[in-house]
Amino acid sequence: MGRILAVLEELSVAATPLANHELAARLGVPAASMYRLLRKLRALGYVDRSGEQATYSVGPRLAELGERLADAGGRSPALRRLMHSLHAETGHYVTVWVPSGVHVRIAAILVGNVTDNLPNLPGDIAPPLSTPGLAIASQWRREHVTAMITQCRRRRIALGRRFADRTDIDKALRAIRSRGFIAGYNLRADGWGMLAFPITITTEPARLGALVIGAHVSKLRDQEDQVVPIARKAIAQYAKELERERAEESGSTWSVTTRP
């Protein structure tokens, strides 16, 4: 069981798919034993194998399990309080998106008072570098972004809107990192807009997500300058609450040091 979990953990964080001998060397397991383990995990659907390069990556069944775990994180008390407070202050609907394999999906949604049909519903998925996906990717290392692009091209999955190559993606990520959020105004498709902020869903293990505030394009565009500082303040408070919860669970003492 320990070896199984170690293999899945290693594959989940690897920048690129790994060969049998690479996994065996990283985990200190004989290559023959690793091969038998990978063959079983592949038969169960937890691991995929590329025939051309004989490398292994996380499979669809494990991604589905990750979705359910992420949903549980999306229901944490601190996150629910963050969503409710933002809805109360802005009047807009609030969602939380999480990575799901090579997509992002809604793990938690607070509808609020919405008069028209929502563009996204719980469980809906989007390309990895859509508006919420870009917010999450802004916190990734370069090799993680590269691995995601490679996986999408191999599986023929669209990266996101208006991305011709890696240069376009890097430009978008630089803009988000400098601002701390991304605004997506989808006027032509459905008339809805999004303000997406990267947030931490859980601390141990660390899981990233995107907090999204949504409304009609005309309304959200006019209110962007007011909504952004409200969101930043609420997210900062949420980060403190999340750290407090983590400290209480571990039995340690949590405190905030203030300067005069």
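Readers should treat all values here as calculations from the given coordinates under stated rules, not as data from a laboratory. Fair warning: this is a prediction, and the values are worked out from it, not measured in the lab. When we count neighbours, we look across all protein chains shown, and the Cβ atoms used for this are built from the backbone with ideal geometry, even at glycine.
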**Fill in**
Within the set 213, 149, 230, GNM on the chain using Cα springs under 10 Å gives the largest fluctuation to 230
**Prompt:** Hey, which lysines would be in cross-link range of residue 233, C-alpha to C-alpha under 26 Å, not counting anything within fewer than 8 residues on its own chain?
**Reply:** 219
**Prompt:** Taking only the alpha carbons of the chain, what extent do you get along each of the three principal axes, in Å, biggest first?
**Reply:** 60, 50, 34
**Prompt:** Which FRET efficiency, nearest 0.05, do residue 175 and residue 42 yield, Cβ-Cβ r, R0 45 Å?
**Reply:** 0.70
**Message:** Given the -39500 (n - 2.57) contribution per DSSP H run of 4+ residues, what per-residue ellipticity at 222 nm results for the chain, rounded to the nearest 500 deg cm²/dmol?
**Reply:** -16500 deg cm²/dmol
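Starting from the Cα-Cα distance between residue 219 and residue 245, subtract it from 0.36 nm times their residue separation and give me the gain in nm to one decimal.
5.8 nm
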**Charged-residue dipole, Cβ positions (Lys, Arg, Asp, Glu), segment 64-250 about Cα centre, Debye nearest 20** = 640 debye
